Amino acid sequence: MPMPPLIVGVRFAQIGKVYHFDASSTPEIKAGDHVIVETSRGKQLAEVTQLIKNPVSTAEGWKLIERLATPRDLVLRRTWAQKELETMIACRERAAQLKLRGVKVVAAEYSFDGTRLTFMFSTESEDKADLKSLRHDMQKLYQPSQVEMRQIGPRDVAKMLGGMGACGLETRCCSKFLTEFSPISIKMAKEQGISLTPQEITGMCGRLRCCLVYEYEQYAAARKELPKRNKRVVTPMGEGKVMDVSPLLMTVRVELPDVGAREFSREEIEPWDELEALRRKSQQPCAEDCNCTKPDKDKA
């Protein structure tokens, strides 16, 4: 029986998405090691974050890890990384000279051996920016490195720049621990009862806040078990109308006639419509073919 492949998770940035590679050629590998892998942007240096014990096979398969990184590779990566700020500033200056309005060069990134140089940029509009002249000028300036221009979204820009979050945290969630971005919608804010004013739901990136997804599933699951607002319910203190719902506490606030508003747990209330339906059913006369127990006239 063939041995399963040794699959490991690696990341290219300290707070970055984890990618899976086949490490069968380097069985001595362990978490924390640095490796050299082939990517769509050439050879890159990555850090091993996890060993996958029971990998789920994919149709595309996994790319092989080429080798473990050497001390020379690590020094080489630091050397090129020290030049990234200088190259980014030069690219920004040239973009200003070319009057590329609405284009912002966010960062520059060398491959570990300097063979590739990628400039990350963002645009203010959805239109595709024509950066052929800028790329050509950067190619002449930084040859023999192969220069590429890569557009990124506003969330990625905020992650790279870092800084304080809209909620007041010293470090934004995307820069602190988020490895990838989840789809977020207005529905998530509505489900949690959050104000829909832009200041309340918009992050520093100008998009919906990532934190809207954190408790969404708990709110959605809790609301399924609780009655909606304005529904009539039966409580230990009588019938009333639901005024407010606290999903995480699993409680509802009910307005009771002659009593006022009171708070009850989920176990203390019953839906009025269900109880009313049962009451009406119990009052209906039995059908002729009903098998329920009837009084015995002879014994009466």
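Data table
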quantity: Cα gyration tensor category, rounded, prolate or oblate, for the range 89-156 with a/c compared to 1.5; calculated: oblate
quantity: FRET E, pair Leu161, Ala220, Förster distance 51 Å, beta-carbon r, rounded to 0.05; calculated: 0.95
quantity: Cross-link partners of Lys128 among lysines (Cα-Cα below 17 Å; sequence separation of 8 or more within a chain); calculated: Lys99, Lys104
quantity: Distance violations [Cα-Cα > 18 Å] among Lys30/Lys159; Lys132/Lys159; Lys63/Lys159; Lys43/Lys159; Lys187/Lys228; calculated: Lys30/Lys159; Lys132/Lys159; Lys63/Lys159; Lys43/Lys159
quantity: Net lengthening on full extension, Asp244/Arg41 (0.36 nm per residue, minus Cα-Cα); calculated: 67.8 nm
quantity: Point-to-point label distance, Leu51-Ser24, nm (Cα→Cβ direction, 7 Å offset); calculated: 1.7
quantity: For the range 159-217 versus the range 1-77, the gap between their alpha-carbon centres in whole angstrom; calculated: 31
quantity: Among Asp127, Asp113, Asp137, residue whose mean-square fluctuation peaks in a GNM of the chain (springs only between Cα atoms under 10 Å); calculated: Asp127
quantity: Over the range 192-253, relative contact order from alpha-carbon pairs under 8 Å, at least 6 apart, %; calculated: 22
quantity: Long-range amide H partners of Met243 with built H, under 5 Å; calculated: Asn230, Arg253, Val254, Glu255
quantity: Candidates per GluC sites (Glu not before Pro) in the range 168-228, loop by DSSP, up to 13 other Cβ within 10 Å; calculated: Glu170, Glu180
quantity: Spin-label pair Leu141/Leu169, simplified geometry with 7 Å Cα→Cβ offset, distance in nm; calculated: 3.6
quantity: Options (1) 108, 60, 34; (2) 64, 42, 34; (3) 49, 46, 39 - which one matches Cα extents along the principal axes in Å as calculated here; calculated: (1)
quantity: Where labels lie 7 Å past Cα in the beta-carbon direction, separation of Val213 and Met237 in nm; calculated: 4.1
quantity: Residue of Gly165, Gly61, Gly153 that the Gaussian network model of the chain assigns the largest fluctuation, springs spanning Cα pairs under 10 Å; calculated: Gly61
quantity: Under Karplus coefficients 6.51, -1.76 and 1.60, residue-wise ³J(HN,Hα) of the range 172-179 in Hz, glycine/proline x; calculated: 4, 4, 5, 8, 9, 8, 6, 8
quantity: For a label point 7 Å along the Cα-to-beta-carbon line of Glu255, residues of the range 216-236 with backbone N under 18 Å; calculated: 227-235
quantity: Amide H contacts under 5 Å for Gln146, placed H, 5+ residues apart; calculated: Arg116, Leu117
quantity: Sorted by Cβ density within 10 Å, fewest first, the residues Cys210, Cys167; calculated: Cys167, Cys210
quantity: R0 of 25 Å, Cβ-Cβ distance Thr79-Glu148: FRET efficiency to nearest 0.05; calculated: 0.80
quantity: Folded to 0 to 90 degrees: helix 216-225 orientation relative to the chain principal axis, Cα; calculated: 10
quantity: Mean Cα-pair separation over length for the chain, i.e. relative contact order, pairs under 8 Å, 6 or more apart, %; calculated: 9
quantity: The range 7-69: C-alpha gyration tensor shape, a/c 1.5 cut-off, then a/b vs b/c; calculated: rounded
quantity: Calculated FRET efficiency for the pair Glu93/Asp127, C-beta based, R₀ 30 Å, to 0.05; calculated: 0.80
quantity: Cβ-based exposure ranking for Ser111, Ser175, Ser25, in which fewest neighbours within 10 Å come first; calculated: Ser25, Ser175, Ser111
quantity: Radius 10 Å from Cβ of Ala158, net charge of other residues (Lys, Arg +1; Asp, Glu -1); calculated: +3
quantity: Candidates Val233, Val105, Val37, ranked by Gaussian network fluctuation over the chain, Cα under 10 Å, top entry; calculated: Val233
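Each reported figure results from applying straightforward, stated rules to the coordinates on display, with no laboratory input. All values reported here derive from a predicted model rather than from experimental measurement. Positions of Cβ are generated from backbone atoms using ideal geometry, with glycine treated the same way; all protein chains shown enter the neighbour counts.
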